[in-house]
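The values are calculated or read from the model by the stated rules, or taken from the named source; none is laboratory data. Keep in mind the model is a prediction, meaning the values are calculated, not measured. Backbone-built Cβ (ideal geometry, glycine too); neighbour counts: all protein chains shown. Just so you know, the surface numbers come from the protein's heavy atoms only, side chains and all, with ligands and any DNA or RNA stripped out. Shrake-Rupley method; radii C 1.70, N 1.55, O 1.52, S 1.80 Å.
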Amino acid sequence: MSIFFTLTLLLFLYINMYRKTVKGSHRMMEFRSILIASLVLVYCFAEERQIYLVLMEESSNEDHLLQNTLKSYTKLQSFKHIMNGFAVHTTPSEAAKLRQANGVKLVERDRGVRKMTTYTPKFLGVPSKSRVCSKKTKTSPDGEGIVIGFVDSGIDPTHPSFGFDDGYEDLRLFCEKGRFFPLSSCNGKIVGARFFSEGARAVAKLNSSVDFLSPFDAEGHGSHVASIAAGNGGVPVYVNGFFYGFASGMAPRARIAVYKAVYPTMSTLTDVVSAIDQAVIDGVDILALSVGPNEPPEEGLTFLSIYDIAILSATRAGILVVQAVGNNGPAPATVVSYSPWSVGVAASGTDRVYPASLLLGNGQKVGGVGLSGPTFFLHKLVLAKDAMNQNGTMPSEECQYPEAFDPNLVQNSIVLCSFSQGFLNGTSSLAAIIHTATTLRFIGFALIANPNYGDFIAEPIPFGLPGILIPNASDSQAILKYYEANTCKDDNGMVSEFKGKAAIGEGRVASFGSQAPTVSRFSSRGPDYMNMNRTVADVLKPDILAPGHQIWAAWSPLSVTEPLLKGYQFALMSGTSMAAPHIVGIAALIKQKNPSWTPSMIASAMSTTATKYDMNGDLIQAEGFNIHRLYPSTPFDLGAGLVKPTNALDPGLVFPAEYEDYINFLCSLPGDPAVIKNTTGGQCNASEPQPHPADLNLPSVTISSLVGHQVLHRRVKNVGTKVETYVWSVIPPNGTTININPPWFTIAPGGLQNLEIQIKVTQKMNHFTFGEIIFTGSLNHIGRIPLSVLAVSVS
């Protein structure tokens, strides 16, 4: 009997007994007070329902299990394709019963999920015909025939990035219609569309004006991600009437399958896993996950969460799964892509920037950012707090409220707004500044750093009127010094005359040639970890680096969660959500050229051919906590390095790994082998010694605790068309020596070669050190394997 039911019954009996003795209005008032207090008591003891994902034995029947185990529940979703399980909405005490029930393998609370281009194809060196052709070509891969599944916030089918081209072979797989999404939305470019909402609807009251129960994208995130990977080639990008260039996806002729599982009001892991389950049945070639849990599971191994087991099942079905590693950088051990059977993508910038400037009346020019047009002429410069409405009570310095100002002072002026406490705590916004500026008819505005709070991070945002963000406190001080020198005040401190002048320069024209790439500050960092306690794992994460900072791509004009972008068809966005689809599109090019390659072979091709050097030939740098400094990157920042698409199409050697290899990896980890059997169905061989976790055949080596020495094994396959001889060279991590056997070998096309890597500690280290193994082929194939080792002791 539940606590809620027991208390309610006792309360009912008590009230009936008490009512018999109640006489008079005073006693009735006392009775009502007791009744209210008792109801509050019952409410406090009532458990809040949550969503739980349940994994069952193959022979178990979920309906029979639920009916015989639980008293109060709502079944939300069944998983029948990638696993035998379901999602249920119930209380924690009822979930505890499920954990003890026969036939149940795993019960896990739904952690929820988060949402984690005109230039990047050229920056990455994608073959030119892949970038710009709209008709089918035979000379360069362009993604033709590859279906990419996107689990995200949906898609805007009316966007030109997703229009049907006459050159496409007509292909339609499935289509669910709904609001703003008629059946005709599946047009051949979009070959399928579904939506999943059972989880979201169970835990929140969805808003019908934004949470559309259809595949339509009301936010923009899903459209952005899909167009980076597979948007049509040569689509003109216009924002506020300004032409920014032509947009193209990495694989512009790949087809798009949409699985909407993310909503503005609520997003659940249940809906995402349901989408993955369906994508496996639909037979997509590649799965893009720019959404996912933002924290590890509360119990057990990260690799054995229901989410990661779903990804393993997709990999087993031959689907390459690409994940964003998260936006929790630059702190270490913040990645949310854990498993070696998926590709975790970190984010970098490119060499393209959008510089803007504020010209002061004394000729001094101050740099900043802001995608807006110029004011052309010098105009009166007004500090927001000096234009306050004397009869008002609202603060003016952050320019959040039109009523805070004296309209006569700010009209036809450039107003200096301050980045102060409201922006730090999230109560102030750029949208409010623009509303104020438009309402009071500012000529323009400048949001400047408040020297009392220091610098802030500014990203270029399109403004409908001239505007600029100046994030450097020293620049702000120079502006304020000029302003004060040209402002007259009376004895009461009130401004009597504004003599200062300023003009906002053009901020929409790109500049190229800066140091690039650099790992973005927000990009989550390694090392990878196995559990909630951040126990370091012998797996490299991130796997690879791709552009994810200031990326132009398609957007939904509704833009219900980003008011500043409302009405725009394109947006300049940043995040590992933007980096992952670059890898997705490049993987589609590789899959098109090599249709028989497995997911691990495609991942290996991108990894071994990636570069750790920037455009100047120097080691790629990474942004850290200090806004003005960079530091040398490590594999925990960028994985194997920046993806190089042309090289990945012809890697020479790959490191193949199959489902059984992943099971052996799981068996090598500490814990009960029965858990692995329960969650994956795989069997650990208890009669043989388990391999070291780092023995998994990955194109990297990570050892979280090396004592003395360790012998690891790798297996390579020649995917070239000719016999080739390879030789190995090593840059060992500090504190170690490394030998490879055989030191060289000759391998035929399709041939396999086993390798032995001997790693020995020569000096104890207090932190990870890094190196690499380089293979060089006689036919000019060159590849790298990053090494990350924590040398604990020499013996």
Of all accessible heavy-atom area on the range 565-689, the percent that carbon and sulfur account for (1.4 Å): 52 percent
Carbon/sulfur fraction of accessible area - the range 50-109, other protein chains in place, 1.4 Å, %: 42 percent
Computed lengthening from C488 to Y613, 0.36 nm per intervening residue step minus Cα-Cα distance: 39.6 nm
Average accessible surface area per residue within the chain, 1.4 Å rolling probe, Å²: 40 Å²
Highest to lowest packing among 231-241, 102-112, 565-575, scored as the average C-beta count within 10 Å: 565-575, 102-112, 231-241
Ranked packing of 681-689, 400-408, most packed first, by mean Cβ within 10 Å: 400-408, 681-689
Intensity falloff of the range 355-507 expressed as log10 I(q)/I(0), Debye formula with alpha-carbon point scatterers, at q = 0.16, 0.18 Å⁻¹: -0.80, -1.04
Unit charges at the beta carbon, dipole of the chain: most positive-side option, I620, G192, G422: G192
Alpha-carbon centroid distance for the pair the range 314-363 / the range 730-795, whole angstrom: 28 Å
Fully extended contour minus Cα-Cα distance, from E660 to L206, at 0.36 nm per residue: 159.2 nm
Linear extension gain, I627 paired with T746, 0.36 nm per residue minus alpha-carbon span: 37.9 nm
Long-range Cα-Cα pairs in the range 280-349 (distance over 19 Å), rounded percent: 33 percent
Cα-Cα pairs of the chain separated by more than 55 Å (percent): 18 percent
Paramagnetic reach from T427 (point 7 Å along Cα→Cβ, amide N under 19 Å) across the range 443-464: 450, 452-454
Cα-only Debye scattering, the range 244-380: base-10 log of I(q)/I(0) at q = 0.11, 0.12 Å⁻¹: -0.60, -0.67
Projected area averaged over orientations for the range 50-109, convex hull of C-alpha atoms, nm²: 3.5 nm²
Charge dipole magnitude, Cβ of K and R +1, D and E -1 - the chain, Cα centre, debye nearest 20: 580 debye
Local electrostatic count at A356 - Lys and Arg +1, Asp and Glu -1, tallied over other residues with Cβ under 13 Å: -1
Within the accessible area of the range 355-507 (1.4 Å probe), percent carbon and sulfur: 50 percent
Computed P(r) (all Cα pairs; the range 697-793; 5 Å bins; percent): 3, 13, 24, 23, 15, 10, 7, 4, 1, 0
Computed E for H709/H435 - FRET, C-beta separation, R0 56 angstrom, nearest 0.05: 0.30
E144, E58, reordered so the largest accessible area comes first (probe 1.4 Å): E58, E144
